[in-house]
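The values are calculated or read from the model by the stated rules, or taken from the named source; none is laboratory data. Predicted model, so just to flag it, every value in this text is computed and none were measured. Cβ: placed from backbone, ideal geometry, glycine included. Neighbour counts: every protein chain shown. We work out accessible area using only protein heavy atoms, side chains counted, and drop any ligands, DNA or RNA first. Shrake-Rupley method; radii C 1.70, N 1.55, O 1.52, S 1.80 Å.
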Amino acid sequence: MQNKNKTVVRSMDLLNLFLAHIKLSMNDMVELSGIPKTSVHRMIGSLEEMGFVKKDNDGQYSLGLLFLQFGNLVAERLDIRHIAISVMEKLRDDIGEAVHLALRDGQESIYIEKLDTNHPVRLFTKIGRKAPLYAGASSRTILAFMPEHERDAYLDEIELKPIGSGTIMDKEELRASLELSRRTGYSFSRSELENYTAELSAPIFDHTGQIIAALSIAGLEVQFGEEKMADLIYKVKTAAHEISQKLGFIETA
């Protein structure tokens with residue numbers, strides 16, 4: 001059993017080489033992996049037979065189409081957009097504002113889904129749009145609930161630059177805003193990315209309890225009056241929590 005496990009681990013070592021290389025020869029794999037040539041020959045033959053790798057006419061190996069099939073299945077089954085969309089539609093229909101789903105992308109957030117409204121005046125937001133993690137409710141939600149050491153490192157090195165008239169430009173004010181978001185479970189912004197607009201966001205957690213995305217509603221500032229805020233906050237937080245539960249998140253006391 002131990003030898004079989006060793007073979008599996010070594011086979012994975014070979015497959016991992018293709019994360020950084022599109023094509024590799026037998027000698028390339030021997031040199032990069034440090035595994036004896038006879039073992040590489042035997043394992044790569046088995047991987048080719050199973051469809052994990054394929055060999056071209058020049059003797060170069062690349063990942064097989066089996067990975068594409070597995071990758072599509074994983075994306076289809078775990079894609080947060082598919083999991084979140086029904087909740088987002090319900091929220092959009094309930095409140096009548098645009099609903100966004102954002103993920104972290106390095107030192108930025110990126111919208112990966114947007115449900116628009118029938119308002120005659122719409123926000124200039126679209127799937128693929130990015131924003132720095134310090135600006136806007138979605139971005140700041142992600143930043144607020146990131147692991148503390150990552151958040152602190154980001155805050156130490158980032159240079160705050162104005163985007164909208166309401167962009168936070170003081171780091172102490174930003175830290176206070178992040179602390180408020182962690183305490184209340186939501187973030188709110190006015191004119192931070194686009195003047196005269198507002199965004200309200202809540203975190204989405206995965207099964208490990210780590211933040212994986214931010215759910216938000218956004219619209220013109222006038223739509224986010226004080227008389228509406230309590231209800232809007234409740235609805236956004238409830239929707240985000242519902243998506244978190246679909247991802248396997250279990251809230252602990």
request  = Only helices (runs of 4 or more DSSP H) wholly contained in the range 1-57 count here; list those with 3 or more residues that are at pLDDT 90 or above and hydroxyl-bearing (Ser, Thr, Tyr).
outcome  = 37-50
request  = Kindly establish whether Leu193 is outside any strand (DSSP E or B) and either in contact with a Leu (Cβ under 8 Å, 6 or more places away or on another chain) or at pLDDT 95 or above (or both).
outcome  = no
message = Being open to solvent by 30 Å² or more (accessible area, probe 1.4 Å), closer than 17 Å to Glu89 by Cβ and in contact (Cβ under 8 Å) with a residue 60 or more places away in the chain is the filter here; which residues of the range 229-248 pass it?
response = Lys235, Glu242, Lys246
ask   = Inside the range 11-48, can you point out the residues that are basic (Lys, Arg) and either crowded, with 16+ Cβ neighbours inside 10 Å or more than 18 Å from Gly64 (Cβ to Cβ) (or both)?
value = Lys37
key: Meets criteria (modelled with pLDDT under 90 and of a type in the set (Gly, Ala, Ser)) for Ala84   = no
inquiry  = Given the criterion closer than 17 Å to Arg104 by Cα and outside any helix (DSSP H, G or I), identify the matching residue among Ala202, Ala240.
reply    = Ala202
key: the range 83-119, subset buried (at least 16 other Cβ atoms within 10 Å of the Cβ) and free of Cβ contacts under 8 Å to residues at least 24 places away in the same chain, residue nearest to Gly219 (Cα to Cα)   = Lys114
task = Kindly list the number of the only condition in (1) open to solvent by 30 Å² or more (accessible area, probe 1.4 Å); (2) under 18 Å from Arg104 (Cα atoms); (3) modelled with pLDDT under 90 that fails for Glu150.
result = (3)
message = Which count do you get for residues in the range 155-172 that are more than 22 Å from Glu221 (Cβ to Cβ) and buried (at least 16 other Cβ atoms within 10 Å of the Cβ)?
response = 1
